[in-house]
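Below is one structure, written out as structure tokens; comments come after it.
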Amino acid sequence: MAEEKSQASSSKMLTLKASDGVLFEVELNIAKEMKTVQAYIDDCEDIETIPIPNVLGKHLAIVIEYIKKTNEEYDAEFEKQWNMDDLQLLLLAANYLNISGLQECLCKAIAKRIENKSPEYVRKVFNIENDHSPEEEAKLRKEYKWAFEGVDKD
Amino acid sequence: MDHSFPQKVLEHLFSFIDSNKDRNAISLVSKSWYEIERRSRKKIFIGNCYAVSPTTVIKRFPELRSITLKGKPHFADFNLVPDGWGGYVYTWIEAMAVSVPLLEEIRLKRMVVTDESLELIAKSFKNFKVLVFISCDGFSTDGLEAIASNCRNLKELNLQESEVEDLSGDWLCYFPDSYTSLVSLNISCLNNEVNLSALEALLGRCPNLQTLCLNHAVPLDKLPSLLSQCPQLVELGTGVYSTEEMHPDVLSSLITAFSGCKQLKSLSGFWNVLPSYLPALYPICSRLTSLNLSYAIIQSSDIVKLIGQCPNLLRLWVLDYIEDVGLEAVAASCKDLQELRVFPSDPSCLELNNALTERGLVSVSKGCPKLQSVLYFCRQMSNAALSAIAQIRPNLTRFRLCILEPHTPDYLTLQPLDSGFGAIVEHCKDLQRLSLSGLLTDRVFEYIGTHAKKLEMLSVAFAGDSDLGLHYVLSGCENLRKLEIRDCPFGDEALLANAAKLETMRSLWMSSCSVSYGACKLLGQKMPKLNVEVIDESGPPDSRPDSCPVEKLYIYRSIAGPRLDMPGFVWTMGDDSSRKLELDVAGVEAQFRNL
């Protein structure tokens, strides 16, 4: 109780409401890391509860934790806890909330997980349908092999 | 769950995907991913400049910032590709000057560059940063003047092993006083003196300089003052490493200068070494990871003293002056060694060199557990040694053995070296590159076809008995990309029987073999998507019977069709040429009728 009081006196608290209704009380300086939220604050000075319609409570919690704890060490370990599905939803959240550090961390992590993988694998994990016709795909594959193959190691 | 990513998010994600292989994969995911990927791809590698046209590349990847192009076939290094063959970069520069003004990097290998190309680069690309020419030719220091004058953001100028017409050493003066962004400068291939005061001033005002490779014309007594301008160097190529007479004050200045270079990890240069100056290097030896002594004429004992102090060497290039005893010292001191290259000091000398034999290579193989890459010139070899090397070092990925005299057998048993190389391909399962030499029958190719499943590049000279040899390789080596063959009795059969294989490879070179002109024509007709190029300096091949063997043959797959810049001694086989042939025949027939 005493802790909360001292927090309240040192910095304003804000409430974020996730898409599934879950509420999060965060300090102003944490909320400001989300540029989208910052825009709300700038536009409406007295606002106390900000709706975050695109992000589930589960992911908003993770985002808030990231902002509180982010540093080199934390970032390096951060992505290891989440599966590909969560990483993608977190990236969408970070994009919506406009948090550049988190976006970068997540992009790096996702990029690493699709390194050295086939197009089929990537389609599967992103749940994307292949709309190349078989002829188009064959043509592209051939062009890549014939003209744009990987580098030569010396 | 469908996570439809906004385009901006995908672009951001793709910016962390670097390798062309991965970019190729993600662009195949869907049409929208293809579009987003191709519009954001910055780096392109073109392994054969004739495999695709500049227009296609630029249209496909409009945001190109960095291009790497390779031109002439590898055997050009051994003077097997006549002058004028091709590999001109001008059409690429011209196209990019118009459509890719933000281009930043050009890296070329074995291409012909002209002063016009350099001038065009200098005036077309405002943000130009990196120029690397490896084994290129066709330009002069005049072209370099244009680059120096205009490329305000240049970071790297690397002319490694290129042939440059050295008209004046003053081109360096064309870097304006306001220019400070140099990170890497390699002028080791230049023949004449560069303006040393301009060089010193340049070094002094470029605080980010990391690599400096001088040419042999830079005198040793100038090195300390040059180094004092850039003590932050990571890689240094010295000029000549001697003076007419030994000067103790030069030695002490060198010691001071080298000691001041706390980041120095890589050394090269060392033309004409005076051994009494080698101790200047001792303070930095323990930090060295790369040492290139391939121009250094120094005795084994001096090399040994130096290398004994380099326990962290990863890469060593050296002349055969090192001898077996020197290589034993390497094996004892350089436990992290990954790459060894031993070059011949006198390739034309036919006498046996008893000091540098297979024993040196065996020592290093035994002593250096991380050895992956070997290039070894020598005069004798045995199956036993090769077998030993193969079994001790199955982690080899590149193995190039060059026994100088063709057809040299195992010196102990006088047998072919088939089983030795067989052991190499059998044990070294990740072998990617292999060069053969010595007396070899079709059997070695059987071993290669059977075992060398990861092999990507194979170089063959004076080997084999019959077409079977070529057939084994073409039908067995699943990952083969480049095959180069000279002076082997390989003819039409294997080539025609494995025509389809050629579409799975980047290129095939065959010179002084037994492939007939008729077979080349047939191959060209049968495989319209391959460029089948006959190189023959003795005159048009159709002035001789179809059964005559062609001098040289270069076959490569291409999406650009036949090239349009062929000199008079290169002919493309295929529908066009056969039609041309029909017309010529009709013409001759018509002439006969008129007689």
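The values are calculated or read from the model by the stated rules, or taken from the named source; none is laboratory data. None of these values were measured; they are calculated from a predicted model. Heads up, the Cβs are rebuilt from the backbone with ideal geometry, glycines too, and the neighbour counts pull from every protein chain shown.
Has region B:378-386 got any residue that is within 29 Å of B:Asp346 (Cα to Cα), free of Cβ contacts under 8 Å to residues at least 60 places away in the same chain and surrounded by fewer than 20 Cβ atoms within 10 Å (Cβ to Cβ)? Yes, region B:378-386 contains at least one residue that is within 29 Å of B:Asp346 (Cα to Cα), free of Cβ contacts under 8 Å to residues at least 60 places away in the same chain and surrounded by fewer than 20 Cβ atoms within 10 Å (Cβ to Cβ).
Against the definition (surrounded by fewer than 18 Cβ atoms within 10 Å (Cβ to Cβ) and in contact with a helix residue (DSSP H, G or I) (Cβ under 8 Å, 6 or more places away or on another chain)), how does A:Glu135 come out, yes or no? Criteria not met by A:Glu135.
Checked against (1) in a loop (DSSP other than H, G, I, E, B); (2) within 29 Å of the chain's Cα centre (by Cα); (3) surrounded by 16 or more Cβ atoms within 10 Å (Cβ to Cβ), B:Tyr179 meets all criteria but (2).
Determine whether B:Val273 is assigned to a loop (DSSP other than H, G, I, E, B), of a type in the set (A, V, I, L, M) and either out of contact with any helix residue (DSSP H, G or I) (no Cβ under 7 Å at 6 or more places or on another chain) or at pLDDT 95 or above (or both).
Details: assigned to a loop (DSSP other than H, G, I, E, B): yes; of a type in the set (A, V, I, L, M): yes; either out of contact with any helix residue (DSSP H, G or I) (no Cβ under 7 Å at 6 or more places or on another chain) or at pLDDT 95 or above (or both): yes.
So B:Val273 fits the description; yes.
So, in region A:143-154, how many residues would count as being more than 7 Å from chain B (Cβ to nearest Cβ) and either surrounded by 14 or more Cβ atoms within 10 Å (Cβ to Cβ) or out of contact with any Lys or Arg (no Cβ under 9 Å at 6 or more places or on another chain) (or both)? Total meeting the criteria: 1. Cβ separations smaller than 7 Å between residues 6+ apart or across chains give the following pairs from region A:111-125 residues that are at the interface with chain B (Cβ under 7 Å from one of its Cβ atoms) and within 14 Å of B:Leu28 (Cβ to Cβ) to residues that are surrounded by 15 or more Cβ atoms within 10 Å (Cβ to Cβ) and of a type in the set (Gly, Ala, Ser): A:Lys117/B:Ala25; A:Ser118/B:Ala25; A:Pro119/B:Ala25; A:Val122/B:Ala25. Only one of the numbered conditions (1) within 30 Å of A:Glu143 (Cα to Cα); (2) touching a residue at least 40 places away in the same chain (Cβ under 8 Å) is not met by B:Ser475, and that is (2). Here A:Val37, A:Val22 are screened, and the one residue that is surrounded by fewer than 16 Cβ atoms within 10 Å (Cβ to Cβ), more than 29 Å from A:Val122 (Cβ to Cβ) and not aromatic (Phe, Trp, Tyr) is A:Val22. Looking at region B:495-561, what strands (runs of 3 or more DSSP E) fall wholly within it and have at least 2 residues that are more than 18 Å from B:Ser459 (Cα to Cα) and of a type in the set (Val, Ile, Thr)? Here the list reads B:530-535. Do we have A:Pro119 as in contact with a strand residue (DSSP E or B) (Cβ under 6 Å, 6 or more places away or on another chain), over 30 Å from B:Arg341 (Cα atoms) and not hydroxyl-bearing (Ser, Thr, Tyr) here? Considered against the rule, which asks whether it is in contact with a strand residue (DSSP E or B) (Cβ under 6 Å, 6 or more places away or on another chain), over 30 Å from B:Arg341 (Cα atoms) and not hydroxyl-bearing (Ser, Thr, Tyr), A:Pro119 comes out as no. Return a yes/no flag: does region B:250-268 have any residue that is in contact (Cβ under 8 Å) with a residue 24 or more places away in the chain, among the basic types (Lys, Arg) and outside any loop (DSSP other than H, G, I, E, B). No: zero hits. With respect to A:Leu140, is the statement that it is surrounded by 14 or more Cβ atoms within 10 Å (Cβ to Cβ) and more than 9 Å from chain B (Cβ to nearest Cβ) true? For A:Leu140, the condition - surrounded by 14 or more Cβ atoms within 10 Å (Cβ to Cβ) and more than 9 Å from chain B (Cβ to nearest Cβ) - is not met. Within region B:360-400, if we keep just the residues that are under 16 Å from B:Pro344 (Cα atoms) and assigned to a strand (DSSP E or B), the residue that is farthest from the chain's Cα centre (by Cα) turns out to be B:Cys378. Of the residues examined, B:Ser15 is not one that is surrounded by fewer than 20 Cβ atoms within 10 Å (Cβ to Cβ), more than 8 Å from every other protein chain (Cβ to nearest Cβ) and more than 29 Å from B:Lys552 (Cβ to Cβ). Quick one: is B:Val460 over 30 Å from B:Ala519 (Cα atoms), buried (at least 23 other Cβ atoms within 10 Å of the Cβ) and in contact with a Leu (Cβ under 7 Å, 6 or more places away or on another chain)? Considered against the rule, which asks whether it is over 30 Å from B:Ala519 (Cα atoms), buried (at least 23 other Cβ atoms within 10 Å of the Cβ) and in contact with a Leu (Cβ under 7 Å, 6 or more places away or on another chain), B:Val460 comes out as no.
From the list B:Val52, B:Val29, which residue is out of contact with any Leu (no Cβ under 7 Å at 6 or more places or on another chain), in contact (Cβ under 8 Å) with a residue 40 or more places away in the chain and not aromatic (Phe, Trp, Tyr)? The conditions single out B:Val52. Restricted to region B:401-429, and to residues there that are in a loop (DSSP other than H, G, I, E, B) and among the polar types (S, T, N, Q), the residue that is nearest to B:Glu323 (Cα to Cα) is B:Thr408. Picking from residues in region B:58-80 that are within 11 Å of chain A (Cβ to nearest Cβ) and without any contact (Cβ under 8 Å) to a residue 24 or more places away in the chain, the one that is surrounded by the fewest Cβ atoms within 10 Å (Cβ to Cβ) is B:Arg60.
Please name all residue pairs, on different chains or six or more residues apart, with Cβ atoms under 9 Å, provided the first residue is in region B:479-502 and is within 16 Å of B:Cys520 (Cβ to Cβ) and the second residue is buried (at least 19 other Cβ atoms within 10 Å of the Cβ) and among the acidic types (Asp, Glu). Short answer, once both residue conditions are applied: B:Phe490/B:Asp467; B:Gly491/B:Asp467; B:Asp492/B:Asp467; B:Glu493/B:Asp467; B:Ala494/B:Asp467; B:Leu495/B:Asp467; B:Ala497/B:Asp467. In region A:77-98 there is no residue matching the filter, namely being among the small types (Gly, Ala, Ser) and farther than 19 Å from A:Phe126 by Cβ. Of the set (1) touching a Ser or Thr at 6+ places or on another chain (Cβ under 8 Å); (2) facing chain A (nearest Cβ under 8 Å), all apply to B:Val29 but (1). In region A:88-103, the residues that are within 7 Å of another protein chain (Cβ to nearest Cβ) reach residues that are assigned to a loop (DSSP other than H, G, I, E, B) with C-beta atoms within less than 6 angstrom, at least six apart or across chains, in these pairs: A:Gln88/B:His3. Evaluated against (1) out of contact with any strand residue (DSSP E or B) (no Cβ under 8 Å at 6 or more places or on another chain); (2) part of a helix (DSSP H, G or I), A:Pro53 falls short on exactly one condition, (2). Quick check on my filter: what residues within region B:42-52 are more than 9 Å from chain A (Cβ to nearest Cβ) and buried (at least 20 other Cβ atoms within 10 Å of the Cβ)? Selection gives B:Cys49, B:Tyr50.
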